[in-house]
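Novice: To start, I am sharing the structure in question, which I have written as structure tokens.
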Amino acid sequence: MKKSPTYNNPKLYSFVMTILHPFGELKNLKKLIGKKKTVFEPACGFGRLKKFLYKNCTYRGIDLNQEFIKFGQHKNINIKLGNMFEQKNYVSSDIIILCDIIHHLSIKQGKELVSIATKFTKEKIIIIEPTFTSIAAGNNWFKKQIAKVFSRLDYDGINHITKWLLKKEYYNLFEEYKIENKFKKSTIKEKSNYFFVELIK
Ligand SMILES: C[S@@+](CC[C@H](N)C(=O)[O-])C[C@H]1O[C@@H](n2cnc3c(N)ncnc32)[C@H](O)[C@@H]1O
């Protein structure tokens, strides 16, 4: 399968994100993260989340998409090429953000990612996942066709999306992340088109 054109072109990716999330829900991030925090984002894309943080936060990220990394670095965003499954690429930080990445992974890979992120976060992991994709979850013919289209449109050239989750499956998964990694507390909020999840140490 060919990589979706959005993953070859950071400007197109940015435009599509604005269309999918026209209400600027990510403004919510400032409140969740706070001021003067160190923030690390595995699978950071071109680092678009940086602009949603307070200016006095330190943002770093890694991604495997060369075009995205080059684009972000040109904008003076502190990101570099690196695989999020290799711990040597991580920087210990107050907050680790996993944005728009869980649905690209198998359940097993998602759990591995959260377990690695748990080691490197001092305060909490924030997971941001689209909620509208649950329309592609389910076993009837119609849902399966939507799932195929979504998986093609969102193929990042690295991970084939094989399963889309129902909202209740997401809730169960977030609870498993919390229990398996011994987080003290978690919160889950649905705002417009996103889940905002905090796994707090
Ligand atoms: C949907 S994009 C999200 C990007 C960014 N978090 C955002 O919200 O704009 C998913 C990103 O995950 C990256 N990715 C997938 N597998 C990866 C891996 N093993 N290591 C690092 N990045 C990865 C892809 O290159 C892609 O940029």
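Novice: Hey, among the residues in region 78-96 that are of a type in the set (Val, Ile, Thr) and within 12 Å of the ligand (Cβ to nearest atom), which one's surrounded by the most Cβ atoms within 10 Å (Cβ to Cβ)?
Specialist: Per the criteria, the residue is ILE96.
Novice: Okay, next question. Test LYS75 against the stated conditions and say whether it is surrounded by fewer than 15 Cβ atoms within 10 Å (Cβ to Cβ), away from the ligand (no atom under 11 Å from the Cβ), farther than 15 Å from THR121 by Cα and in contact (Cβ under 8 Å) with a residue 24 or more places away in the chain.
Specialist: Criteria met by LYS75.
Novice: Give me a count of the residues in region 98-126 that are in contact (Cβ under 8 Å) with a residue 60 or more places away in the chain, within 11 Å of the ligand (Cβ to nearest atom) and either part of a strand (DSSP E or B) or hydroxyl-bearing (Ser, Thr, Tyr) (or both).
Specialist: The total comes to 0.
Novice: Against the condition farther than 19 Å from VAL197 by Cα and of a type outside the set (Lys, Arg), how does ASN9 come out, does it pass?
Specialist: In short, yes.
Novice: Taking TYR194 as meeting all but one of (1) within 16 Å of the ligand (Cβ to nearest atom); (2) closer than 25 Å to THR6 by Cβ; (3) within 17 Å of the chain's Cα centre (by Cα); (4) surrounded by fewer than 17 Cβ atoms within 10 Å (Cβ to Cβ), write down the number of the exception.
Specialist: TYR194 satisfies every listed condition except (4).
Novice: In region 1-44, how many residues are away from the ligand (no atom under 11 Å from the Cβ), within 23 Å of CYS57 (Cβ to Cβ) and part of a loop (DSSP other than H, G, I, E, B)?
Specialist: Looking only at that region, the number is 6.
Novice: Being touching a helix residue (DSSP H, G or I) at 6+ places or on another chain (Cβ under 9 Å), free of Cβ contacts under 8 Å to residues at least 60 places away in the same chain and either assigned to a strand (DSSP E or B) or not hydroxyl-bearing (Ser, Thr, Tyr) (or both) is the filter here; which residues of region 52-66 pass it?
Specialist: PHE52, LEU53, CYS57, TYR59, GLY61, ILE62, ASP63
No lab work stands behind these numbers, since they all come straight from the coordinates. Computed from a predicted structure; not experimentally measured. All Cβ positions, even for glycine, are placed from backbone atoms using ideal geometry, and neighbour counts span all protein chains on display.
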